[in-house]
Amino acid sequence: MSLLRFQTCLLAFLVAGAAARMFGADEPDPSAGPAPAAIVHAVQVTVVESPETDGATVTGLTERTLVLPETVPANAAVWRGFVALPDAGPFADTRWEERQERRAKELRAALASAEPSHREELQACLEILDHARRTFRDPGQVVDAIVLREAEDWRLLIDADRDGRLDDDPEWTAFGNRADQPVFRGRLSGDESDVVVAVQFHEPPPPPTPVPARQIDSPGPDADRADRIAYLHALDGIDNRKLHLPRVIAAADAVIETFDEDVWRRSPDGLSPQQRTARQQLIDAVYRKGRALAYMELPDVVARHPIADQDEHDRRFEQNFLQLARLVDTTERKYFLLHIRRDRRQGNHGQAIRLLNRYLADTPDVWLFHKKRRDLYGLLGWSDWQAYEHAWMLIRFPEQHLK
């Protein structure tokens, strides 16, 4: 198969009734033709070229590698999506609880004989396992779907058996004449009769345009603290941050050097308003520097700008974190993601999840927190809990998978 154009869009399909129960969907209008099980909106996010292979593949939204049928022509547009089937069977297999009990037993045995330096991490792992088991809610089956367009013809493929091969699953029948909303009839796992599934596509909002560093006025070496802070904040804007990380770090250092040791040593109690302002400015600069150092380790950043000296980078991150810890409790909400990054760098993945769980209890609808927990489960080697977290992320935050 030659070049395929992969248009990665989100397509979330839900069985009739389940969609209404989970999301409060309205009943379809009977006069509008066959009633779809659900319509979930999809937004195009990117176009990727796939090189010629013996069997073209695309990574599904469940992160399973999907092998496309050989009948897919070279000029086909391919959208990826998923199907949530809460009534088609449990996510957890019959040995799920047995595996969790065995894991807990192994952790307790390891904790009983552990060196003091390892006890805190093992204890954290026991606590997060207990928390995960107590809060477990089975999401049902979540499987990949692929929609293809060849000229004016639409095709739908669903990886119902979750083996990654789309040529051994029955295709769905397209019907109707809805160019912007393809409609299909077929049979979902566990259903005795056909159901109708509709897909709606939407144009994504344009991405923000970062401000080039050359358009941000740089203060001179004699600039006062206020000008240095303004420059730091301009570079460290949410749309610019990843583009200017070395400059953000240098700008933070330029702010930090304006404070004498007395500001570092001074207790936060009994400060004058001017002293409190100065202290907060120092904390802000140290935190922004630490965040920039952490961002430099993100895969997409490393791909563009590899870290030249990892040992030196590690030293700078640790030194900056300890400086921040002199000034604040790094487990507080404003700083805890940096604390988690440090735990992750030190291999304390259980402790990082334990801290995440504290804030997820108060704000359960933050996608980033769930993403970090999913990734940390993977680092722990808990692939079952990683898959569980990912399944719920697809169901609860489908729009985030358009990015």
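For (1) within 21 Å of residue 345 (Cα to Cα); (2) touching a residue at least 60 places away in the same chain (Cβ under 8 Å), each residue gets a yes or a no:
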residue	(1), (2)
108	no, no
115	yes, no
121	yes, yes
136	no, yes
146	no, yes
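Return a yes/no flag: does region 121-128 have any residue that is closer than 29 Å to residue 364 by Cβ, of a type in the set (D, E, K, R) and assigned to a helix (DSSP H, G or I). Taking every residue of region 121-128 in turn, at least one turns out to be closer than 29 Å to residue 364 by Cβ, of a type in the set (D, E, K, R) and assigned to a helix (DSSP H, G or I).
Of the residues 220, 237, 290, the single one that is in the same structural domain as residue 311 (by TED's automatic domain parsing) and farther than 30 Å from residue 207 by Cβ is 220. Selection of region 217-249 for residues being among the hydrophobic types (A, V, I, L, M, F, W, C) and within 29 Å of the chain's Cα centre (by Cα) yields 232, 234, 235, 238, 243, 245, 248, 249. Residue 84 - would you say it is among the aliphatic types (A, V, I, L, M), surrounded by 18 or more Cβ atoms within 10 Å (Cβ to Cβ) and not in a loop (DSSP other than H, G, I, E, B)? Yes; evaluated as a whole, the condition is true for this residue.
Within region 133-167, being in a loop (DSSP other than H, G, I, E, B) and of a type in the set (Gly, Ala, Ser) holds for 140, 151, 160, 164.
Would you confirm whether any residue within region 295-309 is under 16 Å from the mean Cα position of the chain (by Cα), part of a helix (DSSP H, G or I) and loosely packed, with under 14 Cβ neighbours inside 10 Å? Yes, some residue in region 295-309 is under 16 Å from the mean Cα position of the chain (by Cα), part of a helix (DSSP H, G or I) and loosely packed, with under 14 Cβ neighbours inside 10 Å.
What's the total number of residues in region 122-158 that are crowded, with 21+ Cβ neighbours inside 10 Å, of a type in the set (D, E, K, R) and at pLDDT 95 or above? Residues that pass the stated criteria total 0.
The values are calculated or read from the model by the stated rules, or taken from the named source; none is laboratory data. Predicted, not measured: the structure shown is a model, and the values here were computed from it. Here the Cβ is made from the backbone with ideal geometry for all residues, glycine too, and neighbour counts use every protein chain on show.
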